[in-house]
Amino acid sequence: MKEWVHADAVPVPLHTNGGQRDLTEEILEAVDQHEHVPTAEVFPATPQDKIKAALDRLASRQMVEYETHDKEQVLLTAEGQAIADEGSHEYKVWDAVRKAGRLSLKDQSLANASAKLGQGNAFKLKWIKKDGDALVSLTDSVSDTTREQLQYAQEHRAFQDPKLLKDYSKRKLVTTQKVITYVARKGPRWAKEMPVEVTDLTAEMIADGSWKTANFKPYNFKAKGTLGGEGVGGGTGALHPLNKVREEFRKIFFNMGFEEMPTARFVDSGFWNFDALYVPQQHPARDLQDTFYVSDPPEAGPPGSDESVDTILAEMDVDDDQDESDHPPSDPAIRAKDTTAKLDYQAYYDNVRAVHQDGKFGSIGYRYPYTDAETRRLVLRTHTTAISAYVLHRLSANPRPCRYFSIDRVFRNETVDATHLAEFHQIEGVIADYNLTLGGLQAFLKRFFRNIGVPDLKFKPAYNPYTEPSMEVFAWHEGLNKIVEIGNSGMFRPEMLLAMGLPEDLRVYGFGLSLERPTMIKYGISNIRELLGHKVDLGFIESNPAVRLDRE
Ligand code: PHE
């Protein structure tokens, strides 16, 4: 059994103030001593954002409260700073005169601009006077108001008399700067020390009753979440582009009244993958170079019911029959059994053999010796049509109009290149209804592809052993500037449907396309290895936006 990890109550880690004492502690100390603590004045050297973070930690616990102030601060210019440090221009002139006793007007120290300005001011203040060709002092001591006012401004970031700001700004000795400052005071849960806080309720706390008195850390609903992507604390999941496009297709199918077939069966028998679809046992598609065969276990049992598939399909039937009057049993497992009981897999198998080997249901068949061994070979399914065949045969227990789709993985033994891998995802749809026509299939396909933003379709006669007629679907590709194949379709052959026991006038359309192609087009990928396999860049997966297939 997994041991419970006891999350001990730990003091909340404190932010340190540049390696000094913790700022939260300093604020608590200041608030303890003074009713109001203007942070800019009490902590002039600490950046206000650090102060705010510390205040928020305390305010979230209601230990302190604070107000935010928007205020203008006075800053000294370089010249203002020089005056605060060394004295005003007039002071410096007076000082030089006093020290010299008599200072010649031609003295070098009076030559610069600052001394000229200072000389004028010192005259006005009656600190000095002219005596012949020299300057003499008129007083033994002066009070250098300019320097004092600037020193005050430097210390308090404001003038004692606010009226002075205009004058000093004009003289370019100071500038101003907007700052946000805070005034802190005791809060409703004032305490001088950070309490020990518990972050998790544990089994032990419940058992020993300590939860009753524990001090739980309050939730911070304003906390910013960690960013997704790589790195500590991040690493949220991201949907693969194929899954995003798959979701879009699923929505379209559901909107068009389709139900999703359960396709979690990657390995299937030759019977379902080929024989049921009237693919002759000598067909080149069944060759090793096209199909992957499974060697262990070597063969499948005879065709029969697949319980997991039947149960899921029976659940869908319950939804369908919701308002039918004959109240079918609603337990899907019972319904699945009911349906299976009506299906004779041996008779179906005999029909498939007969229609291949000797011809049946008005068909002359292929006329070759049909072998059990080929039927039972296990393959990695080469198309999801193997599942469609299973679902259509099941339909013969209760034939009715219906629409099924699937989007899942299939495998083909192909030469791997920039646009082909040995596996891909197939999007497949089947529609069963009475008296369907080929024109109806074309109309349906036009509507379906219009829904994924492909307006103009072209149809080309094609061949599938299981459909007649068969049509390849083509569309104009804007990027490639040419018409490209986008899908395959057809009407399932009577050799396939009648062998299943479906009524003669129940016709079935089928069509398939790959999920990879529209995805590559949507995301502008030219090499399939960027989309699937070990070379995929996870950054690409994580950073891709959601996709919308442009509907009309
Ligand atoms: N199975 C076909 C393919 O692999 C698609 C298809 C399904 C064609 C149903 C016709 C009918 O391309």
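The values are calculated or read from the model by the stated rules, or taken from the named source; none is laboratory data. Keep in mind the model is a prediction, meaning the values are calculated, not measured. Cβ coordinates were reconstructed from backbone atoms using ideal geometry, including for glycine residues, and neighbour counts include every protein chain displayed. Note: areas computed on protein heavy atoms with side chains; ligands, DNA, RNA excluded. Shrake-Rupley method; radii C 1.70, N 1.55, O 1.52, S 1.80 Å.
I'd like the residue in the stretch 391-403 that is within 16 Å of the ligand (Cβ to nearest atom) and surrounded by fewer than 22 Cβ atoms within 10 Å (Cβ to Cβ) and, out of all such residues, is nearest to the chain's Cα centre (by Cα). Top of the filtered list is ARG403. Of the residues making up the stretch 178-214, those that are surrounded by fewer than 15 Cβ atoms within 10 Å (Cβ to Cβ), in a strand (DSSP E or B) and among the charged types (D, E, K, R) are LYS178, ARG185. The numbered conditions (1) open to solvent by less than 30 Å² (accessible area, probe 1.4 Å); (2) outside the structural domain of LYS172 (by the TED database); (3) of a type outside the set (S, T, N, Q) are all true for ALA84 except (2).
All conditions in (1) in contact with a Ser or Thr (Cβ under 7 Å, 6 or more places away or on another chain); (2) within 16 Å of the ligand (Cβ to nearest atom) hold for VAL318, with the sole exception of (2). Considering the stretch 414-503, the qualifying strands (runs of 3 or more DSSP E), each wholly inside and each with 2 or more residues that are within 42 Å of the chain's Cα centre (by Cα), of a type in the set (D, E, K, R) and within 15 Å of the ligand (Cβ to nearest atom), run over 423-434. Of the residues contained in the stretch 238-249, none is found to be assigned to a loop (DSSP other than H, G, I, E, B) and at pLDDT 95 or above. Those residues that are surrounded by 20 or more Cβ atoms within 10 Å (Cβ to Cβ) and of a type in the set (Asp, Glu), I need them from the stretch 404-453; list them, please. Correct list: ASP408, GLU428.
Among the candidates VAL136, VAL142, single out the residue that is closer than 30 Å to LEU110 by Cβ, assigned to a loop (DSSP other than H, G, I, E, B) and open to solvent by less than 80 Å² (accessible area, probe 1.4 Å).
VAL142
For the stretch 358-386: of the residues being of a type in the set (A, V, I, L, M, F, W, C) and on the phi < 0 side of the Ramachandran plot, which is nearest to the ligand (Cβ to nearest atom)? So, considering only residues that are of a type in the set (A, V, I, L, M, F, W, C) and on the phi < 0 side of the Ramachandran plot, the one nearest to the ligand (Cβ to nearest atom) is ALA386. Candidates PHE271, PHE258, PHE253, PHE266: the one that is open to solvent by 70 Å² or more (accessible area, probe 1.4 Å), closer than 30 Å to LEU498 by Cα and modelled with pLDDT of 95 or more is PHE266. In this structure, does ASP95 turn out to be more than 30 Å from PRO38 (Cα to Cα) and open to solvent by less than 50 Å² (accessible area, probe 1.4 Å)? Answer is yes for this residue.
Checked against (1) in a helix (DSSP H, G or I); (2) modelled with pLDDT under 85; (3) open to solvent by 40 Å² or more (accessible area, probe 1.4 Å), ARG517 passes all but condition (2). Screening ALA546 with (1) within 16 Å of the ligand (Cβ to nearest atom); (2) touching a residue at least 40 places away in the same chain (Cβ under 8 Å); (3) among the aliphatic types (A, V, I, L, M); (4) more than 26 Å from VAL416 (Cα to Cα) gives one miss only, at (1).
Yes/no per residue for (1) among the hydrophobic types (A, V, I, L, M, F, W, C); (2) under 25 Å from ARG394 (Cβ atoms):
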| position | (1), (2) |
| --- | --- |
| ALA443 | yes, no |
| LYS458 | no, no |
| THR467 | no, yes |
| ALA475 | yes, no |
| ILE483 | yes, no |
| GLU530 | no, no |
| ASP537 | no, no |
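With respect to the stated conditions, LEU75 fails to be touching a residue at least 24 places away in the same chain (Cβ under 8 Å) and over 25 Å from THR175 (Cα atoms).
State the number of residues belonging to the stretch 240-249 that are open to solvent by 50 Å² or more (accessible area, probe 1.4 Å) and touching a residue at least 60 places away in the same chain (Cβ under 8 Å). Walk me through how you get there before you give the answer.
Initial filter on the stretch 240-249 (open to solvent by 50 Å² or more (accessible area, probe 1.4 Å)): 243, 246-247.
Keeping just the survivors that are touching a residue at least 60 places away in the same chain (Cβ under 8 Å) gives 246.
Here the count works out to 1.
On the phi > 0 side of the Ramachandran plot and in a loop (DSSP other than H, G, I, E, B): is that true of LYS126 in this structure? When the stated conditions are applied, LYS126 passes them.
Look at the stretch 477-488: where a residue is under 18 Å from SER514 (Cα atoms) and a partner is of a type in the set (Phe, Trp, Tyr) and at pLDDT below 90, sitting 6+ places away or on another chain with Cβ atoms under 7 Å, you get ILE483/TRP476.
Within the stretch 488-510, identify whether any single residue is at pLDDT below 95, open to solvent by 30 Å² or more (accessible area, probe 1.4 Å) and under 30 Å from VAL416 (Cα atoms), and answer yes or no.
Step one: of the stretch 488-510, the residues at pLDDT below 95 are none.
No: zero hits.
State whether one or more residues within the stretch 364-384 are free of Cβ contacts under 8 Å to residues at least 24 places away in the same chain and either among the aliphatic types (A, V, I, L, M) or in contact with a Pro (Cβ under 7 Å, 6 or more places away or on another chain) (or both). Yes, the stretch 364-384 has at least one match.
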